[in-house]
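The values are calculated or read from the model by the stated rules, or taken from the named source; none is laboratory data. Keep in mind it's a predicted model, so treat the numbers as computed, not measured. Cβ atoms come from the backbone with ideal geometry, glycine included; neighbour counts cover every protein chain shown.
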Amino acid sequence: MILASSIPASTAWAIVTGLGVLWVILGVWWGRKAKTSEGFMLAGRNVGISLGAATAMATWVTSNTTMVAPLLAYEKGVWGMLAYASASFGLLLFAPLAFRIRRLLPRGVTAGDFFRLRYGRVGWAVFLIITLVYSITWLVTMAIAGGKLLETIGGIEYVQGMSLILVVCVLYTLFGGLYAVIGTDFIQSLIILAGIVFIGVEVLDHVDVPSVHAHLVKEQPALLSVMMPAALLAIFNNMLFGFGEVMHNNVWWSRAFAMREKVAPKAFFLSGVLWFPIPIAAGFVALCAGPLGVNVTDPGKVGPEVAEHVLGLAGFGQFAGVIILVVLFCSMASSIDSLLAATSDLLVRDIYEGVFKQHLDPEKFRPVSATAIIVVSVIAWSLALSGWNIDLVLFSAGALVASLVWPVIAGLFWKRLNAPLVIAGIIAGCAGGLWAYFEIQTYTGALVGAAVSMVFTIAARWVGAKPLRDLES
Amino acid sequence: MLATANAAPTVTSDIKPDAEGKLTSDDGTIDLVWTGGHGPCELQQARDESFADARSRYEGEDTETVLTGLADGVYHFRVREVPSGGWSEPLVVNVESMNRGTLFLLLGTGAFVAVSTIGSILYGYHKNR
């Protein structure tokens with residue numbers, strides 16, 4: 001559609017900058033507690049149930065939830081909507097894993113610690129390559145979504161908007177570490193929930209559901225079909241992608257280490273339950289595009305475009321743009337900050353200290369950590385200049401992370417394993433998944449990657465298996 | 001310049017043609033772009049190549065759209081300036097989903113891996129709690 005920006009660019013700048021200043025102030029305030037590296041990276045290992053559940057939920061509500069979930073619903077219909085919601089199973093299943101992680105690694109700091117102890121330096125290196133590629137990919141998709149959002153809502157030129165969002169998130173993550181991230185996540189999760197409920201109620205109030213159904217039957221029948229191949233594939237692919245994202249990434253492991261031991265499983269389970277309806281609500285908004293006469297020119301923007309249209313019908317005028325911008329900016333910031341913090345922890349702990357064998361004095365920790373955050377951001381920024389299609393970028397990483405699902409499960413629960421065979425399975429899973437992504441269909445990468453890795457991992461339990469080091473004792 | 005202004009618009013798609021030059025979508029999504037219009041345009045879609053069953057899919061100032069949810073089959077698209085410009089050459093796009101054999105193989109694999117993953121986590125948790 002021809003974008004008549006709903007709010008002036010100056011207002012959009014003011015909102016993002018104003019929220020950014022608020023997050024920075026709160027980051028500095030909460031960051032005062034981060035006097036040690038453990039305080040900065042793990043918030044003192046004392047996070048309770050409310051903050052724990054809120055930070056997990058807010059981190060999982062990313063720009064991908066608010067922008068890719070509508071895209072999936074618009075392109076893949078009802079199954080697409082449910083496919084995105086299946087990513088909540090990753091959070092739900094991380095609850096029992098968090099219980100086990102805390103028991104095996106009570107003093108663990110990053111997910112890298114686990115891979116190093118279980119699979120040796122080769123397995124650890126494979127994990128680091130995969131997780132850094134994935135984390136940068138995730139960050140790039142959010143930066144692109146942020147740039148597109150500010151372009152759509154505020155008419156801010158793409159590169160300027162994308163840069164603005166990244167700079168704001170970098171600043172407050174630099175000041176406060178995980179304390180700042182978790183604190184701001186709590187506030188952002190409340191704003192996201194309130195905003196999505198409000199927009200959902202307005203959509204239901206201004207859309208006649210039977211007429212939406214009639215429109216879909218007439219013009220977009222495949223969106224209601226129980227046998228839409230691409231959508232059916234998306235269900236299992238997304239579920240396994242979600243498993244891989246949550247089970248391997250340091251964003252979630254650092255939260256498991258940061259929460260009190262008995263809190264972590266409950267917090268992850270609660271966050272999964274709270275998260276499940278969000279992509280369904282966001283997806284339903286997109287299904288209303290046709291019936292509302294919204295011409296979609298970029299499916300990546302269909303969610304905010306329809307929401308803006310509906311709030312406009314409800315008489316909110318330019319305030320509609322303000323509401324959408326605040327909600328979506330919070331959804332992006334809550335994930336970008338988490339990813340920056342968790343990825344920089346990996347760079348500091350696993351690369352700087354682990355690979356390069358550098359001893360990190362307490363006084364050197366903050367500058368090194370800050371440098372890591374800035375390096376990650378600059379890489380993401382330079383890749384996001386392309387403005388790639390966000391769902392294609394995101395799903396290309398599915399094969400990589402899904403290949404780590406079974407190695408994580410086996411390493412946490414099994415007593416015997418052939419570690420080299422598991423590592424070979426990770427590599428084969430990545431290769432097979434990427435082949436499927438490019439050669440068969442976009443929504444097969446994670447599915448094939450997880451399947452191949454699973455076969456190798458199960459074989460590794462029986463073929464040449466050796467007892468694993470007993471971490472519990 | 002006058003001749004250009006009166007020419008019918010052209011409608012294209014980003015879908016890459018196959019070896020035979022056919023445009024095929026495997027997921028029912030078709031992006032369309034039209035150029036050469038001077039003002040509002042109308043986009044029509046038809047299953048019949050003579051456009052006997054044509055229906056209007058868009059009318060307005062935009063010069064592109066993304067149509068989704070199209071069932072398998074052959075679709076014809078054309079664009080004109082409204083109210084009375086000449087129609088563009090039709091663009092023909094096939095919607096052809098993945099064959100059922102491959103689909104069910106992948107779905108079966110996905111279901112098996114997903115159930116096995118969930119089961120192994122719950123079993124491992126139960127055994128080690």
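Quick notes on this one:
- Within region A:287-303, restricting attention to residues that are modelled with pLDDT of 85 or more and buried (at least 24 other Cβ atoms within 10 Å of the Cβ), the residue that is nearest to residue A:253 (Cα to Cα) is A:303.
- The residues listed here are B:104, B:77; of these, the one that is farther than 29 Å from residue A:91 by Cβ and either of a type in the set (S, T, N, Q) or not assigned by TED's automatic domain parsing to the domain that holds residue B:37 (or both) is B:104.
- Taken together, the residues in region A:316-342 that are out of contact with any helix residue (DSSP H, G or I) (no Cβ under 8 Å at 6 or more places or on another chain) and either surrounded by 24 or more Cβ atoms within 10 Å (Cβ to Cβ) or at pLDDT 85 or above (or both) amount to 0.
- Number of the exception - residue B:116 against (1) closer than 22 Å to residue A:229 by Cα; (2) assigned to a helix (DSSP H, G or I): (1)
- Qualifying residue in region A:30-45 (condition: crowded, with 24+ Cβ neighbours inside 10 Å, more than 14 Å from chain B (Cβ to nearest Cβ) and closer than 18 Å to residue A:193 by Cα): no
- Leading residue by the ranking (nearest to residue A:440 (Cα to Cα)) among those in region A:234-290 that are in contact with a strand residue (DSSP E or B) (Cβ under 8 Å, 6 or more places away or on another chain) and basic (Lys, Arg): A:255
- Number of the exception - residue B:54 against (1) in contact with a helix residue (DSSP H, G or I) (Cβ under 7 Å, 6 or more places away or on another chain); (2) over 30 Å from residue A:232 (Cβ atoms): (1)
- Filtered residue count, region B:82-93, keeping only those that are out of contact with any Asp or Glu (no Cβ under 8 Å at 6 or more places or on another chain) and surrounded by fewer than 17 Cβ atoms within 10 Å (Cβ to Cβ): 5
- The single residue among A:203, A:217, A:167 that is more than 14 Å from every other protein chain (Cβ to nearest Cβ) and surrounded by fewer than 17 Cβ atoms within 10 Å (Cβ to Cβ) turns out to be A:167.
- Wholly enclosed strands (runs of 3 or more DSSP E) of region B:8-92 bearing at least 1 residues farther than 26 Å from residue A:71 by Cβ: B:10-13, B:41-46, B:73-81
- Residues in region B:107-129 that are among the hydroxyl-bearing types (Ser, Thr, Tyr) and within 7 Å of chain A (Cβ to nearest Cβ) were compared, and the one that is farthest from the chain's Cα centre (by Cα) is B:125.
- Among residues of region A:116-160 being β-branched (Val, Ile, Thr) and within 15 Å of residue A:377 (Cα to Cα), the one that is surrounded by the most Cβ atoms within 10 Å (Cβ to Cβ) is A:141.
- Enumeration of residues in region A:422-432 that are free of Cβ contacts under 8 Å to residues at least 60 places away in the same chain and either within 13 Å of chain B (Cβ to nearest Cβ) or buried (at least 20 other Cβ atoms within 10 Å of the Cβ) (or both): A:425, A:429, A:432
- Filtered residues of region B:25-46 (kept if at pLDDT below 90 and either surrounded by fewer than 20 Cβ atoms within 10 Å (Cβ to Cβ) or on the phi > 0 side of the Ramachandran plot (or both)): B:26, B:36, B:38, B:39
- Selected residue (criterion: surrounded by the most Cβ atoms within 10 Å (Cβ to Cβ)) from residues of region B:47-80 that are in contact with an Asp or Glu (Cβ under 9 Å, 6 or more places away or on another chain), over 21 Å from residue B:14 (Cβ atoms) and more than 9 Å from every other protein chain (Cβ to nearest Cβ): B:80
- Conditions (1) over 19 Å from the mean Cα position of the chain (by Cα); (2) in contact (Cβ under 8 Å) with a residue 24 or more places away in the chain; (3) within 14 Å of another protein chain (Cβ to nearest Cβ): number failed by residue A:285: (3)
- Residue in region A:251-258 that is basic (Lys, Arg) and within 12 Å of another protein chain (Cβ to nearest Cβ) present: no
- Of the residues making up region B:81-106, those that are in contact (Cβ under 8 Å) with a residue 60 or more places away in the chain and within 11 Å of chain A (Cβ to nearest Cβ) number 4.
- If the condition is being of a type in the set (A, V, I, L, M), buried (at least 17 other Cβ atoms within 10 Å of the Cβ) and not in a helix (DSSP H, G or I), then region A:436-464 contributes only A:440.
- Enumeration of residues in region A:184-200 that are surrounded by fewer than 24 Cβ atoms within 10 Å (Cβ to Cβ) and touching a Leu at 6+ places or on another chain (Cβ under 8 Å): A:186, A:187, A:193
This table checks each residue for (1) of a type in the set (A, V, I, L, M); (2) within 30 Å of residue B:120 (Cα to Cα); (3) in a helix (DSSP H, G or I).
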site: A:6; (1), (2), (3): no, no, no
site: A:30; (1), (2), (3): no, no, yes
site: A:33; (1), (2), (3): no, no, no
site: A:50; (1), (2), (3): no, yes, yes
site: A:54; (1), (2), (3): yes, yes, yes
site: A:57; (1), (2), (3): yes, yes, yes
site: A:64; (1), (2), (3): no, yes, yes
site: A:83; (1), (2), (3): yes, yes, yes
site: A:92; (1), (2), (3): yes, yes, yes
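- Residue match in region B:28-36 (condition: more than 11 Å from chain A (Cβ to nearest Cβ) and not β-branched (Val, Ile, Thr)): yes
- Out of A:230, A:234, A:214, A:180, sole residue that is modelled with pLDDT under 85 and within 18 Å of residue A:287 (Cβ to Cβ): A:230
- Residues that are closer than 30 Å to residue A:135 by Cβ, under 30 Å from the mean Cα position of the chain (by Cα), in a helix (DSSP H, G or I) and away from chain B (no Cβ under 13 Å) occur in region A:239-247; there is at least one.
- In the condition set (1) out of contact with any Ser or Thr (no Cβ under 8 Å at 6 or more places or on another chain); (2) part of a helix (DSSP H, G or I); (3) more than 14 Å from chain B (Cβ to nearest Cβ); (4) not hydrophobic (A, V, I, L, M, F, W, C), residue A:102 is compliant with all but (3).
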